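Heads up, the thing below is written out as structure tokens.
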Amino acid sequence: MFKRINQTICAGGIAMLACVGVMATSVVTPAMAAGGGGDIKDHEWTFDGPFGYFDKASLQRGFQVYREVCSSCHGLEYIAFRNFADLGYSEGEIKAIAAEYEVMDGPDEEGEMFTRNAIPADRVPSPYANENAARASNGGAYPPDLSLIAKARPNGANYLYSLLVGYKDAPHSDDVPDGMYYNTAYSGNLIAMPQPLYGDDIELAGGGDTSIEALSEDVVTFLAWAAEPEMETRKRTGIAVMLFLFVMCFVSYGSMRYIWADIKKSKA
Amino acid sequence: MSSPEFKNPVVKWIDHRLPVFSFMHHELHEYPTPRNLSYLWNLGSLAGLALVTMIVTGIILAMHYTPHVDHAFESVERIMRDVNHGWLIRYIHMNGASFFFIVVYIHIFRGLYYGSYKAPRELLWILGVLILLLMMATAFMGYVLPWGQMSFWGATVITNLFSAIPWIGDSIVVWLWGGFSVDNPTLSRFFALHYLMPFLIVGVVILHIIALHRFGSNNPLGIDVSGKQDTIPFHPYYTSKDLFGAMVFLTIFASAIFFYPNFLGHPDNYIPANPLQTPAHIVPEWYFLPFYAILRAIPDKLGGVLMMFGAIAVLFVLPWLDRSPVRSGRFRPLFKMFFWVLLADCVLLGYLGGKPAEGIYVMLSRLATAYYFIHFLVILPLLSVVEKTRPLPQSISTPVTGGGMVSAPAAKRGKADV
């Protein structure tokens, strides 16, 4: 009989946990609804799941896409050049990449601001001086900074990928006002960003597929890294921590049973 | 309780003058605990573990965080990117809040099912509800600190609730904000209070434990301990069991931190706060959703606020609403049924709180809200009178018809994990 009661208790506990789980997922559902409205395709990513990783070649290609296409309107304010070590660049290569950018510095000894070539410690300069300047150049729309974009949208990577390959002819072309573009992934289907990638937009440094799908995949991989540069370390640490905790679960369970053994006997 | 003989001369010397070692021996070692506690009694120590985790990670985060509207968001990103293991500390803290609530909610429903709020444990229960209230205030203010879109708009919505107070409501809101909108003074005071309140929680937790140790834990049978044969010392029996529980908890917790750290969060909070742009749906953290559903279920603002706080207030008087002399739901066939309905109702409220307030969801929210209060204000008082309870076992260690005691063969097989 005790066993039965015990099962009831366990079932109760599990049910409660399950309920909490349901409550938890209900948070995600509205989140999806909030950013959704568009058609988001599921795509397979190397960085999915507990064993996920970033493909360094893809990261480098993605950075090139960002640099030659996205960066004309979108900043990357939380990324410093030194962070590009994660992309597999050597110190020398990072110095060379940084030196291609100019940053404002100062004031100098005369009190004047001056520009100089960037160094690895500098952050990637934003294309506009401020939000108003950005809006003025983009018909009132603000091209958001991309450092966190993959985390700041529900289902981030899939959403960005679907957005980049989602430019289509509108079913009724009169419905698209001037300065807006039709996109199947964007909520409401009208987006202020003109189609950034068409395929064969750039020549990749290491060669490779320049179809719109391949370039989109690379730049989304790069943006996923930019949002979570700690991801590989986090997941690898996680695997070790989980293994440790699994062992500790068994050890502590064993020691509990060992300690409780005499209680059971005295009752019998 | 006998005073223990300490062999170590230093310990002995200190204990004679300052009996901390005797105290620990009484309260953590020989503290007599019912021998039949189930795993649901692990949740108390887990809540303590969660609280300590939150305080430790929180103090470290405070060393790197800047409570200023121009720097808060960036300082959090600094923690995530540049502080050594900052991402780990922050993800523990961020997910820790959710797990603290998961643990505490299970702890509360455990108490509800087994009648742990009944005499003589009324104050123990009331202190627990007070801890829940403090936790909610702390969590709310903590969520504002990263100064993302949900931080800002959540703070705006919730502080605006106080404007529903007649006559002085608007003045109170201005006073809370320290200005005429949620702005820098709001952020800095929320930071100060978010740092303060966990220590108030620690204070109330200490009172909670003092009240607990006065009569000891309730147990699955809900009957009083009748003698030494019913109890076992806390150490090593329940320390070992709590340790095992902690490891299981940490395993689940770690899987969230390392593999799905943003699953319980909202993507909008990675967009810096923008007072000029309202998010499409302002949604609180999941642990507030049932209360948010109650708030929105009432068409009147003041009414909604009163009902929302009422949902907690009703828990304070619960010991006097449920007058049944039998504690454990196990011996209360009707109560047991209504308990599960209440749990389902709370889950439904949580679901509805995350849905937009439109269409069928509004009507469902109203029904679920009504049922929540009916459960406490009508069903429980009524059950106390009309319910025919099953016979109670004589004692924890004596098997009795209708009771449920470990049988010898079951114990030998090791099937009964008490």
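Quick one: what pairs do we get from region B:76-101, first residue among the β-branched types (Val, Ile, Thr), second not in a helix (DSSP H, G or I), C-beta under 6 Å, 6+ apart or different chains?
Note: pairs meeting the criteria are B:76/B:146.
Identify all residues within region B:297-318 that are hydrophobic (A, V, I, L, M, F, W, C) and over 16 Å from residue B:127 (Cβ atoms); write none if there are none. Please lay out each step first, then the result.
Of region B:297-318, the ones hydrophobic (A, V, I, L, M, F, W, C) are B:297-298, B:302, B:305-309, B:311-318.
Those that are hydrophobic (A, V, I, L, M, F, W, C) and over 16 Å from residue B:127 (Cβ atoms): B:297, B:298, B:302, B:305, B:306, B:307, B:308, B:309, B:311, B:314.
If you take just the helices (runs of 4 or more DSSP H) that sit entirely in region A:44-143, which of them hold at least 1 residues that are farther than 30 Å from residue A:242 by Cβ and touching a Gly at 6+ places or on another chain (Cβ under 8 Å)? Explain how you work it out, then say what you get.
Working: elements: A:56-68, A:91-99, A:131-137.
Those helices (runs of 4 or more DSSP H) span A:56-68.
Could you give me the residue pairs with C-beta distances under 7 Å whose first residue belongs to region B:21-41 and is at the interface with chain A (Cβ under 10 Å from one of its Cβ atoms), whose second residue is of a type outside the set (Asp, Glu) and assigned to a strand (DSSP E or B) wherever it lies, and which are 6+ apart or on separate chains?
Short answer, once both residue conditions are applied: B:35/B:231; B:35/B:232.
Would you be able to tell me the number of residues in region B:200-236 that are closer than 12 Å to residue B:134 by Cα and in contact (Cβ under 8 Å) with a residue 12 or more places away in the chain?
In the first step, residues of region B:200-236 are kept if they are closer than 12 Å to residue B:134 by Cα; the result is B:200-205.
Imposing the further condition that a residue be in contact (Cβ under 8 Å) with a residue 12 or more places away in the chain reduces the set to B:200-202, B:204-205.
Final tally of qualifying residues: 5.
Just to be sure, is residue B:310 surrounded by 21 or more Cβ atoms within 10 Å (Cβ to Cβ) and in contact (Cβ under 8 Å) with a residue 60 or more places away in the chain? Lay out the reasoning, then the answer.
Values: surrounded by 21 or more Cβ atoms within 10 Å (Cβ to Cβ): no; in contact (Cβ under 8 Å) with a residue 60 or more places away in the chain: yes.
In short, no.
How about region B:42-52: which of its residues are within 14 Å of chain A (Cβ to nearest Cβ) and not small (Gly, Ala, Ser)?
Matches in region B:42-52: B:42, B:43, B:46, B:49.
Against the conditions (1) more than 14 Å from chain B (Cβ to nearest Cβ); (2) in contact with a helix residue (DSSP H, G or I) (Cβ under 7 Å, 6 or more places away or on another chain), where does residue A:152 fall short? Just the number, please.
Result: residue A:152 passes all but (1).
Residues in region B:277-293: is at least one in contact with a Lys or Arg (Cβ under 7 Å, 6 or more places away or on another chain) and assigned by TED's automatic domain parsing to the domain that holds residue B:122? If you could, list the steps in order and put the result at the bottom.
If we filter region B:277-293 for residues that are in contact with a Lys or Arg (Cβ under 7 Å, 6 or more places away or on another chain), which is where we start, we get none.
Checked against the condition, which is being in contact with a Lys or Arg (Cβ under 7 Å, 6 or more places away or on another chain) and assigned by TED's automatic domain parsing to the domain that holds residue B:122, region B:277-293 yields no hits at all.
For residues that are small (Gly, Ala, Ser) and either in a loop (DSSP other than H, G, I, E, B) or touching a Cys at 6+ places or on another chain (Cβ under 6 Å) (or both), scanning just region B:254-289, find the one that is nearest to the other protein chains (Cβ to nearest Cβ).
Of the residues in region B:254-289, the ones small (Gly, Ala, Ser) are B:254-256, B:265, B:273, B:280.
Then drop every residue that is not either in a loop (DSSP other than H, G, I, E, B) or touching a Cys at 6+ places or on another chain (Cβ under 6 Å) (or both), which leaves B:265, B:273, B:280.
Numbers: B:265: 8, B:273: 12, B:280: 5 Å.
If we take residues in region B:254-289 being small (Gly, Ala, Ser) and either in a loop (DSSP other than H, G, I, E, B) or touching a Cys at 6+ places or on another chain (Cβ under 6 Å) (or both), then B:280 is nearest to the other protein chains (Cβ to nearest Cβ).
Checking the structure you have, find out if any residue of region B:103-110 is more than 12 Å from the chain's Cα centre (by Cα), facing chain A (nearest Cβ under 10 Å) and of a type in the set (Phe, Trp, Tyr).
Looking only at region B:103-110, we keep the residues that are more than 12 Å from the chain's Cα centre (by Cα), and these are none.
No, region B:103-110 contains no residue that is more than 12 Å from the chain's Cα centre (by Cα), facing chain A (nearest Cβ under 10 Å) and of a type in the set (Phe, Trp, Tyr).
Does any residue of region B:290-306 turn out to be part of a helix (DSSP H, G or I), more than 10 Å from chain A (Cβ to nearest Cβ), under 17 Å from the mean Cα position of the chain (by Cα) and of a type in the set (Val, Ile, Thr)?
Checked against the condition, which is being part of a helix (DSSP H, G or I), more than 10 Å from chain A (Cβ to nearest Cβ), under 17 Å from the mean Cα position of the chain (by Cα) and of a type in the set (Val, Ile, Thr), region B:290-306 yields no hits at all.
Looking at region B:121-221, what helices (runs of 4 or more DSSP H) fall wholly within it and have at least 3 residues that are within 16 Å of the chain's Cα centre (by Cα)? Write out each step before concluding.
Values: elements: B:122-144, B:149-160, B:169-177, B:184-215.
Here the list reads B:122-144, B:184-215.
Quick one: is residue A:230 without any contact (Cβ under 8 Å) to a residue 60 or more places away in the chain, among the acidic types (Asp, Glu) and within 14 Å of chain B (Cβ to nearest Cβ)? Working first, answer last.
On the way: without any contact (Cβ under 8 Å) to a residue 60 or more places away in the chain: yes; among the acidic types (Asp, Glu): yes; within 14 Å of chain B (Cβ to nearest Cβ): yes.
So residue A:230 fits the description; yes.
Assuming residue B:69 fulfils every condition listed in (1) in contact (Cβ under 8 Å) with a residue 40 or more places away in the chain; (2) in a helix (DSSP H, G or I) apart from one, which condition is it?
(2)
The values are calculated or read from the model by the stated rules, or taken from the named source; none is laboratory data. These numbers were taken from a predicted model, which means no experiment stands behind them. All Cβ positions, even for glycine, are placed from backbone atoms using ideal geometry, and neighbour counts span all protein chains on display.
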